[in-house]
Amino acid sequence: MRGHRRRRLLAALTWAAALMILAILYYKQRTGSNDKDDSQHGGEPKGHHHHHHHSHTIPSKKIWQVTGDSRVQPARVCAQPWITSNPGWAHTLHTDSTAAAFAAALEEQQQHRDDDDDVVVGGGDDEDEDDTNNRLSEALAELKNRGIRADLIRYMLLRAEGGVYTDLDTVPLRGIDDWLPWGYWLDRGARLVVGVEWDELASHPDRDPDPDGEGGDQAEGRSRQRPRPKGVLHPVQFCQWTIVAAAPGHPVFKAMISRALATLAGHRALWGAPTLRRVVLSEQDVLGITGPAAWTEVLLAHMRGAGGGRPAWSGELSELSGLRAPRLVGDVLVLPVDAFASGMEHSGATRVEDGVPETAVVRHLFRGSWREGNGDGPLC
């Protein structure tokens, strides 16, 4: 009797061991398959961050939009086309309050990371990171100017998470996965995608490519068909109503945030104000501190500097003018004006009466809700 029980127990243990081995083999097969699926859809296998992507989209499949605390419901209506046209993408509509909480969480995470590091080797970068996060969190809590606050929020989100930021007064003309042959450009090193919003050289190919240079403005000013709008400081300027960051951590966002915070500190000192709440900033201040002019200057510095790398670029703005196809400069992919700004009456854009060009992926409605006096106007 005892031997019979022993044989039954041995048989049961054998079956259990066999089932466990089968389960382990199945699990390994599934996780291996998932790793392959992840690499097909933009996630990079560990230890292979610079290998081919074979991807049909970017790794950070996140869409970010921002609104004021009091306008959440109309903002949700504006956001709906982005949600419906991008299945499989995470969409987040941040308010001023939730973005301030996000910034505070980033600050806390950085402090925890510092606490976990028992030995800091070359800790200057960590201290700089702490300072940036602290000042950003303070600024978002104190700022009354909604334009600068919204700009800082987009740079913060893209730096921390990557993905696509787009203003509420933009409309997707196609799903983000279909904007570009993503695998082709990711394999060639693209990490940031930007569009042109102003290109005064497109209509004047023989003009001085830098009218801001010595004598250029006076010498060529008479031939300009259209004067520069407020806030346009460069003959070719990039928009920031739509920005794509393939993954978190692109250095232009830290550079942009650090520059803006330093400028805001200067304004606070000028006003003799204890906090940014007391500082009054003009529309021109917004455009120059965090808007397209400032964004363009930070991008150009990155593309002209070590961050540019290859493909090589001479640094001449004329080479980014009149684009009819995307141009990769280092890790920045510059799209033609029609991609994000078709329908404009300048810069070589396809005009509304000529229809929607094939290269257009976003339509911008130019509601300008951030401007003084437009706060109660339509968001989209």
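The values are calculated or read from the model by the stated rules, or taken from the named source; none is laboratory data. This one's a predicted model, so the numbers in the text were calculated from it and none came from an experiment. Here Cβ is always computed from backbone atoms with ideal geometry, including for glycine, and neighbour counts include all displayed protein chains.
Total residues in region 244-253 satisfying the condition of being in a helix (DSSP H, G or I) and either buried (at least 17 other Cβ atoms within 10 Å of the Cβ) or in contact with a strand residue (DSSP E or B) (Cβ under 8 Å, 6 or more places away or on another chain) (or both): the figure is 2.
Could you check, for region 259-266, whether at least one of its residues is crowded, with 16+ Cβ neighbours inside 10 Å, modelled with pLDDT under 95, out of contact with any Lys or Arg (no Cβ under 8 Å at 6 or more places or on another chain) and not in a loop (DSSP other than H, G, I, E, B)? The answer is no; no qualifying residue exists. In the set W182, W198, only one residue is over 11 Å from the mean Cα position of the chain (by Cα), buried (at least 24 other Cβ atoms within 10 Å of the Cβ) and more than 27 Å from T95 (Cα to Cα); that residue is W198.
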